[in-house]
């Protein structure tokens with residue numbers, strides 16, 4: 001049986017190796033045929049913006065290759081950071097906080113960064 005695993009990214013990309021390690025864990029879980037999804041909240045939304053200081057943004061583009069199609073972003077985190085869904089390197093469905101709570105409750109495993 002496939003486990004539902006949600007990776008929650010809440011820190012800006014400047015956390016060095018930790019951001020890359022979380023991406024690696026996510027891709028490994030997906031490679032082992034788990035039902036993997038990812039949620040970007042707070043400053044974690046910066047992980048999805050391409051630019052000089054967004055080192056892992058390119059890695060997140062590989063998610064569809066690993067059959068990770070459930071990518072979510074906290075709607076309330078976008079506007080204060082000057083972001084829009086169109087500026088993100090991968091399509092991410094904006095979720096309200098109540099929807100995020102439901103998403104988390106539906107998972108078998110939640111992996112925070």
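Distance between the C-alpha centres of the stretch 1-25 and the stretch 61-106: 14 Å, rounded to the whole angstrom.
For the chain, what does the alpha-carbon gyration tensor say about shape, rounded, prolate or oblate, given a ≥ b ≥ c as the root eigenvalues, a/c under 1.5 as rounded, and a/b over b/c as prolate?
Numbers: a/c = 1.69, a/b = 1.20, b/c = 1.41.
Note, shape of the chain comes out oblate.
Among bridges DSSP assigns within the chain, what percent are antiparallel (round to 5)?
Values: 1 of 18 bridges.
Taking every DSSP beta bridge within the chain, about 5 percent pair in antiparallel fashion.
With the helix formula -39500 (n - 2.57) applied to DSSP H stretches of n ≥ 4, the chain reaches a computed 222 nm mean residue ellipticity of -7500 deg cm²/dmol.
Among 31, 17, 77, the largest mean-square fluctuation in a Gaussian network model of the chain (Cα springs under 10 Å) belongs to 17.
Relative contact order for the chain: what percent, with Cα pairs under 8 Å and sequence separation of 6 or more? The partial results should precede the final answer.
Numbers: 190 pairs, mean separation 40.4, N = 113.
The normalised contact order for the chain reaches 36 percent.
Highest mobility in the GNM of the chain, judged by mean-square fluctuation with C-alpha springs under 10 Å and restricted to 93, 61, 102, is found for 102.
A short reminder: the numbers here are calculations on the coordinates, not readings from a lab. As the structure is a computational prediction, the values presented were derived from the model and not from experiment.
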